[in-house]
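Asker: Here it is, the structure, as structure tokens.
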Amino acid sequence: MNYVTDDTMNAYLRTVQPMYDGVLGEIQREAIAAEVPIIPLETARLLSVLLTMQKPKHILEIGTAVGFSAGLMCRYLPEDGTVTTIDRFEVMLKDARVNIKRMGLENKIKILEGDAANILPTLEGPYDVIFLDAAKGQYGNFLPHCLRLLPVGGLLIVDDVLQGGTIAQTRFSVPRRQRTIHKRLRNFLWDITHNDALETSIIPIGDGMALCYKKKEIPVTLEGEQNDAE
């Protein structure tokens with residue numbers, strides 16, 4: 001996994017900030033030992049602070065992986081709160097189901113299995129927080145749906161937006177196989193920082209995290225629709 005902070009800083013942050021306790025901490029340690037891609041500790045700790053402040057009741061996660069982040073987010077929900085999480089990879093979902101059961105969260109976490117591009121249009125929301133951590137090249141396609149599903153005052157949190165820092169380089173300086181995702185991520189970052197509905201900050205932590213606060217409603221053009229202004 002590439003990070004935008006150097007190894008010395010990462011090692012320090014992971015020393016000074018404690019790992020999570022209980023079964024969630026066990027899952028965290030197991031994933032790190034097995035080199036399973038979960039959000040790094042410093043990113044998880046920032047997520048914890050944001051959710052403590054936001055006090056969400058309903059969360060949408062796009063990209064379940066092995067269920068660690070869904071389990072983490074459940075810690076900051078009220079008794080009747082829920083996490084809805086989307087993933088299409090059975091190799092991850094089989095472990096996620098086991099981990100969700102280990103944490104005793106079967107009644108709080110709902111898994112929607114399939115491609116987020118197909119599932120997002122069927123959701124009605126609203127979701128107080130949306131955590132986007134899926135296929136990076138699809139972030140731009142998912143954004144209109146996230147805006148539709150977020151109420152004013154909602155928070156969109158997007159992980160892994162800086163490609164280990166290479167996002168700051170020109171597209172011709174990155175390997176050819178990475179140029180499409182490089183272009184799409186750059187376009188996505190431009191879109192969220194120039195959208196009148198959002199107040200956005202891009203934070204160089206982990207592999208980059210974007211925080212987008214929805215401050216007002218504006219018309220959202222979904223894929224296949226024609227904007228009246230065009």
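The values are calculated or read from the model by the stated rules, or taken from the named source; none is laboratory data. These numbers were taken from a predicted model, which means no experiment stands behind them. Don't worry about glycine lacking a Cβ; one is built from the backbone with ideal geometry, like all the others, and counts go over all protein chains shown. The area values use the complete protein model at the heavy-atom level, side chains included, leaving out ligands, DNA and RNA. Shrake-Rupley method; radii C 1.70, N 1.55, O 1.52, S 1.80 Å.
Asker: Surrounded by 20 or more Cβ atoms within 10 Å (Cβ to Cβ), farther than 25 Å from residue 53 by Cα and not acidic (Asp, Glu): which single residue out of 222, 185, 143 fits that description?
Answerer: Being surrounded by 20 or more Cβ atoms within 10 Å (Cβ to Cβ), farther than 25 Å from residue 53 by Cα and not acidic (Asp, Glu) holds for just one of 222, 185, 143, which is 185.
Asker: Moving to a separate point now. Does residue 205 fit the bill of being part of a helix (DSSP H, G or I), open to solvent by less than 50 Å² (accessible area, probe 1.4 Å), aliphatic (A, V, I, L, M) and at pLDDT below 95? I'd like the intermediate steps shown before the answer.
Answerer: Details: part of a helix (DSSP H, G or I): no; open to solvent by less than 50 Å² (accessible area, probe 1.4 Å): yes; aliphatic (A, V, I, L, M): yes; at pLDDT below 95: yes.
For residue 205, the condition - part of a helix (DSSP H, G or I), open to solvent by less than 50 Å² (accessible area, probe 1.4 Å), aliphatic (A, V, I, L, M) and at pLDDT below 95 - is not met.
Asker: Being within 17 Å of residue 73 (Cβ to Cβ) and among the charged types (D, E, K, R) is the requirement here; does residue 115 meet it?
Answerer: Answer is no for this residue.
Asker: Now for a different question. Sort through 107, 99 and tell me the only one that's open to solvent by 30 Å² or more (accessible area, probe 1.4 Å), on the phi < 0 side of the Ramachandran plot and not charged (D, E, K, R).
Answerer: 107
Asker: Additional query: Take residue 119 and tell me if it is farther than 26 Å from residue 53 by Cβ and in contact (Cβ under 8 Å) with a residue 24 or more places away in the chain.
Answerer: In short, yes.
Asker: Right, residue 152: outside any helix (DSSP H, G or I), open to solvent by 50 Å² or more (accessible area, probe 1.4 Å) and touching a residue at least 24 places away in the same chain (Cβ under 8 Å) or not? Explain how you work it out, then say what you get.
Answerer: Values: outside any helix (DSSP H, G or I): yes; open to solvent by 50 Å² or more (accessible area, probe 1.4 Å): yes; touching a residue at least 24 places away in the same chain (Cβ under 8 Å): yes.
Yes, satisfied.
Asker: Could you name every one of the helices (runs of 4 or more DSSP H) located completely within the stretch 22-110 that has at least 1 residues being touching a residue at least 12 places away in the same chain (Cβ under 8 Å), in contact with an Asp or Glu (Cβ under 8 Å, 6 or more places away or on another chain) and among the hydrophobic types (A, V, I, L, M, F, W, C)?
Answerer: Values: elements: 22-33, 41-54, 68-74, 90-102.
By residue number, 68-74, 90-102.
Asker: Something else now. For residue 81, work out the one condition from (1) in contact with a helix residue (DSSP H, G or I) (Cβ under 9 Å, 6 or more places away or on another chain); (2) open to solvent by 10 Å² or more (accessible area, probe 1.4 Å) it doesn't fulfil.
Answerer: (2)
Asker: Return yes when residue 130 is surrounded by 13 or more Cβ atoms within 10 Å (Cβ to Cβ), touching a Cys at 6+ places or on another chain (Cβ under 7 Å), assigned to a helix (DSSP H, G or I) and at pLDDT 95 or above and no when it is not. Talk me through it step by step, then tell me what you get.
Answerer: Values: surrounded by 13 or more Cβ atoms within 10 Å (Cβ to Cβ): yes; touching a Cys at 6+ places or on another chain (Cβ under 7 Å): yes; assigned to a helix (DSSP H, G or I): no; at pLDDT 95 or above: yes.
Judged against the criteria, residue 130 is not a match.
Asker: State yes or no: is residue 125 modelled with pLDDT of 95 or more, on the phi > 0 side of the Ramachandran plot and in a loop (DSSP other than H, G, I, E, B)?
Answerer: Numbers: modelled with pLDDT of 95 or more: no; on the phi > 0 side of the Ramachandran plot: yes; in a loop (DSSP other than H, G, I, E, B): yes.
So residue 125 does not fit the description; no.
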